[in-house]
Amino acid sequence: MSVAPTPTHVPPTQESAVTPTVPTTEAMPTEDQHGIKEHSDGRFGFVPVQTRSDRFKSVNVTDFAPVTGREAVWKFSPVAKFTDLTAGVLDGSTYQVESAPTADITVGWVDRDDSRIGSAGAPEERAAANAWTSFDQALAITVSGEEAKEITVTRADLGSAPRGAHTIIEAKPFSRAVVILENIGDARLTENVEIVLGESANLTVVTLQEWNDGAVHLANHFASVGRDARLKHIVVSLGGSIVRVNPSVRLAGPGSDTELLGLYFADAGQHLEQQVYVNHDAPNSRSRVTYKGALQGKGARTVWIGDVLIGRKAAGTDSYEQNRNLVLTEGTRADSIPNLEIETGDIKGAGHASATGRFDDEQLFYLQSRGITEEEARRLVVRGFLSEIVQHIGSKPLEDRLQAAIEAELRGTEEK
Amino acid sequence: MSVLEIKDLHVSVETDQGTKQILHGVNLTINEGEIHAIMGPNGSGKSTLAYTIAGHPKYTVDSGSILLDGEEVTTMTVDQRARAGLFLAMQYPVEIPGVTVTNFLRTAKTAIDGVAPPIRTWIKEVRDSMKQLRMDKSFAERNVNEGFSGGEKKRNEILQLELLRPRFAVLDETDSGLDVDALKIVSEGVNRAKENTGLGLLLITHYTRILRYITPDFVHVFVDGRIAEQGGPELADRLEDEGYDRFLTESNVG
Ligand SMILES: Nc1ncnc2c1ncn2[C@@H]1O[C@H](COP(=O)(O)OP(=O)(O)OP(=O)(O)O)[C@@H](O)[C@H]1O
Ligand SMILES: [Mg+2]
């Protein structure tokens with residue numbers, strides 16, 4: 001394989017397997033009828049390529065200009081609805097956390113000078129920096145021990161005042177666990193979650209957003225994956241008014257591996273967003289990104305941006321990212337933007353796909369003409385569509401729970 | 001003995017240019033076990049008749065009725081009609097993302113029978129039917145019609161016909177887009193379904209070639225939204241030789 005010029009920015013194309021010899025161009029967005037788009041990235045014409053890793057970073061909120069909504073990281077978000085989180089004073093105090101005692105997992109508060117803080121990443125935008133500046137203590141979930149184990153850490157009482165928070169999840173070398181972050185109740189929260197995997201650790205992190213209807217949640221997850229370690233990261237966003245969870249994973253050690261899964265179901269008026277970033281920064285690393293979303297009801301809005309950077313050190317990378325959206329009713333909008341930057345010619349594979357399809361009247365007619373009722377038809381399609389993600393979660397109780405949550409979503413929208 | 005009666009059926013469709021009348025008084029009676037072929041030029045309203053029987057929401061019944069064993073069908077929902085025993089093999093089967101053929105068939109069978117089919121016999125039944133229709137096993141795990149070729153979609157329709165066991169089936173141009181081998185396989189499937197269940201068939205086609213493999217009891221010539229002539233199988237041969245010209249007035253395009 002030949003060595004490509006640096007950096008090569010590959011424009012989004014449908015179902016493309018990409019080789020690093022594609023010239024540097026930017027695709028013009030096109031729209032077809034019904035507002036259904038293959039790739040709707042809203043950019044116009046040529047945009048100079050900025051390597052994702054070159055983005056400005058700071059843990060200090062005052063280093064960022066006030067948010068206008070025109071910034072790359074904010075341009076799809078309803079920023080006017082959470083100026084308290086980007087510009088206001090945040091409550092950074094500790095809060096109620098619930099979890100069952102689990103062998104080889106500790107959960108507790110640590111001071112700002114804990115050496116792990118800042119080890120996995122730093123904010124690229126103002127809400128995250130505001131949280132970082134504001135938190136008093138960080139919640140630390142520390143995993144050790146080679147036995148498989150699972151813990152659910154629940155936050156149910158964050159209240160509706162603006163809050164900043166910081167969490168560290170550390171998996172010691174060779175440790176193994178499933179950590180479920182369960183978010184319910186009210187919230188106006190901006191937070192950073194750092195996930196650090198030592199050598200050969202095997203960690204699954206599930207972040208489950210089942211907030212109350214009015215909740216606003218802006219989260220950045222920064223993960224650093226060590227040599228031969230494996231991170232499975234799953235974002236499930238179902239409840240809340242505005243939920244934006246942006247996982248950013250650095251494959252830091254040789255042979256590191258990550259699987260990033262996402263599942264979201266936007267109802268009327270909900271804004272669910274995820275900006276996923278995988279940074280291949282070591283040889284022979286592997287990543288798989290699969291996000292699936294359903295949209296139903298007027299004003300249901302989803303955003304998925306998937307950036308993959310295959311850096312100069314990342315020879316032998318194997319990477320694939322995809323996002324699929326299923327539009328169930330009129331009046332919704334799904335943006336889906338995959339980006340791939342490749343700085344080395346010596347990779348095993350890199351590809352991406354993105355598609356937004358609708359469940360339309362003809363599909364409904366077809367299913368009904370086989371005796372299936374309208375409600376059952378809708379459920380069949382959504383369940384089938386999202387189950388690909390659910391089935392990969394790897395925790396049977398959680399899978400069952402999510403399946404039930406999806407059913408509840410479907411029932412909820414039928415009642416409206 | 002079941003009977004499907006279509007009486008003086010008038011149907012219109014909403015278009016951008018306003019309401020358009022398509023069916024102008026269709027009369028047709030199909031008894032269980034009979035095969036009726038409907039032949040007619042493009043645009044004569046054959047698919048409209050098929051969709052109207054199935055209950056597609058785009059088509060409005062202005063007057064007339066469709067009776068299944070004396071029960072009015074036109075006021076039933078689409079799924080009620082299917083559960084009452086009607087089936088439409090579509091001219092253009094629809095792709096259903098996220099739903100596998102296996103899952104779809106099981107859900108449909110359960111809906112139609114009112115109870116889930118016994119798992120072991122059902123799996124075997126599905127597998128046997130697929131085999132006879134020369135559908136590869138892998139189709140079972142694919143999403144319904146997604147990425148299927150035209151011929152594969154038609155086979156999938158006949159697979160459903162065999163498994164769902166309706167009392168009356170409308171086959172809308174099931175023959176179009178099939179090569180000779182596929183046409184034979186599909187026709188065998190239809191004949192098998194008829195042998196096994198004794199259903200009544202309304203076979204819509206533009207050409208006579210499928211009638212070489214499925215012998216109709218009656219042939220109806222459909223022109224400009226109504227039946228212009230009826231006869232036995234010999235009428236099909238005549239149409240093959242003469243075309244539709246003698247039925248067409250200047251206002252019609254064949
Ligand atoms: N949904 C619709 N919107 C607008 N016009 C329609 C619609 N459905 C049918 N028509 C019109 O009604 C007429 C009959 O159409 P139909 O599809 O029933 O014909 P057909 O006999 O099945 O034709 P073909 O042999 O091409 O399949 C045509 O002029 C068609 O354009
Ligand atoms: Mg037709």
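The values are calculated or read from the model by the stated rules, or taken from the named source; none is laboratory data. Note that this is a predicted model, so its numbers are computed, not measured. Note that each Cβ is placed from the backbone with ideal geometry, even for glycine, and that neighbours are counted across all protein chains shown. With ligands, DNA and RNA removed, areas are computed over all heavy atoms of the protein, side chains included. Shrake-Rupley method; radii C 1.70, N 1.55, O 1.52, S 1.80 Å.
A few remarks follow.
- For the stretch B:23-48, a tally of residues being open to solvent by less than 30 Å² (accessible area, probe 1.4 Å) and assigned to a strand (DSSP E or B) returns 10.
- Put simply, of A:ALA161, A:ALA148 the only residue that is open to solvent by 30 Å² or more (accessible area, probe 1.4 Å), touching a Lys or Arg at 6+ places or on another chain (Cβ under 7 Å) and free of Cβ contacts under 8 Å to residues at least 40 places away in the same chain is A:ALA148.
- For the stretch B:49-87, a residue qualifies if it is within 16 Å of ligand 2 (Cβ to nearest atom) and assigned to a strand (DSSP E or B), and exactly one does: B:TYR59.
- Residues of the stretch A:190-241 classified as of a type in the set (Gly, Ala, Ser), open to solvent by less than 10 Å² (accessible area, probe 1.4 Å) and more than 23 Å from A:GLN403 (Cβ to Cβ), total: 4
Results for (1) open to solvent by less than 10 Å² (accessible area, probe 1.4 Å); (2) of a type in the set (Asp, Glu); (3) away from every other protein chain (no Cβ under 11 Å); (4) under 13 Å from the mean Cα position of the chain (by Cα), shown as yes or no for each residue.
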{"site": "B:PHE148", "(1), (2), (3), (4)": "no, no, yes, no"}
{"site": "B:GLY151", "(1), (2), (3), (4)": "no, no, yes, no"}
{"site": "B:GLU157", "(1), (2), (3), (4)": "yes, yes, no, yes"}
{"site": "B:LEU163", "(1), (2), (3), (4)": "yes, no, no, no"}
{"site": "B:PHE168", "(1), (2), (3), (4)": "yes, no, yes, yes"}
{"site": "B:GLU173", "(1), (2), (3), (4)": "no, yes, yes, yes"}
{"site": "B:GLY177", "(1), (2), (3), (4)": "no, no, yes, no"}
{"site": "B:ALA182", "(1), (2), (3), (4)": "yes, no, yes, no"}
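- Among all positions in the stretch A:344-355, there is no residue which is touching a helix residue (DSSP H, G or I) at 6+ places or on another chain (Cβ under 6 Å) and facing another protein chain (nearest Cβ under 10 Å).
- Hits in the stretch B:88-113 (condition: outside any loop (DSSP other than H, G, I, E, B), at the interface with chain A (Cβ under 8 Å from one of its Cβ atoms) and either hydrophobic (A, V, I, L, M, F, W, C) or free of Cβ contacts under 8 Å to residues at least 24 places away in the same chain (or both)): B:LEU88, B:ASN103, B:PHE104, B:THR107, B:ALA108, B:ALA111, B:ILE112
- Considered as a group, the residues in the stretch A:356-385 that are touching a residue at least 60 places away in the same chain (Cβ under 8 Å) and either touching a Gly at 6+ places or on another chain (Cβ under 8 Å) or at the interface with chain B (Cβ under 8 Å from one of its Cβ atoms) (or both) include one that is most open to solvent (accessible area, probe 1.4 Å), and that residue is A:GLY357.
- In this entry, B:THR52 is excluded by the filter for residues that are within 10 Å of ligand 1 (Cβ to nearest atom) and away from chain A (no Cβ under 14 Å).
- Residues being open to solvent by 50 Å² or more (accessible area, probe 1.4 Å), within 14 Å of ligand 1 (Cβ to nearest atom) and within 14 Å of another protein chain (Cβ to nearest Cβ) - total across the stretch B:55-77: 3
- Taken over the stretch B:199-230, the criterion of being in a strand (DSSP E or B) and open to solvent by less than 20 Å² (accessible area, probe 1.4 Å) is satisfied by B:GLY200, B:LEU201, B:LEU202, B:LEU203, B:ILE204, B:THR205, B:VAL219, B:HIS220, B:VAL221, B:PHE222, B:VAL223.
- Selection within the stretch A:386-404: residues that are crowded, with 18+ Cβ neighbours inside 10 Å and under 19 Å from A:GLU376 (Cα atoms). The member of this set that is modelled with the highest pLDDT is A:LEU386.
- Residues located in the stretch B:182-215, provided they are over 22 Å from B:GLU234 (Cβ atoms) and either touching a helix residue (DSSP H, G or I) at 6+ places or on another chain (Cβ under 9 Å) or of a type in the set (Phe, Trp, Tyr) (or both): B:ALA182, B:ILE185, B:VAL186, B:GLU188, B:GLY189, B:ARG192, B:ALA193, B:ASN196, B:THR197, B:LEU199
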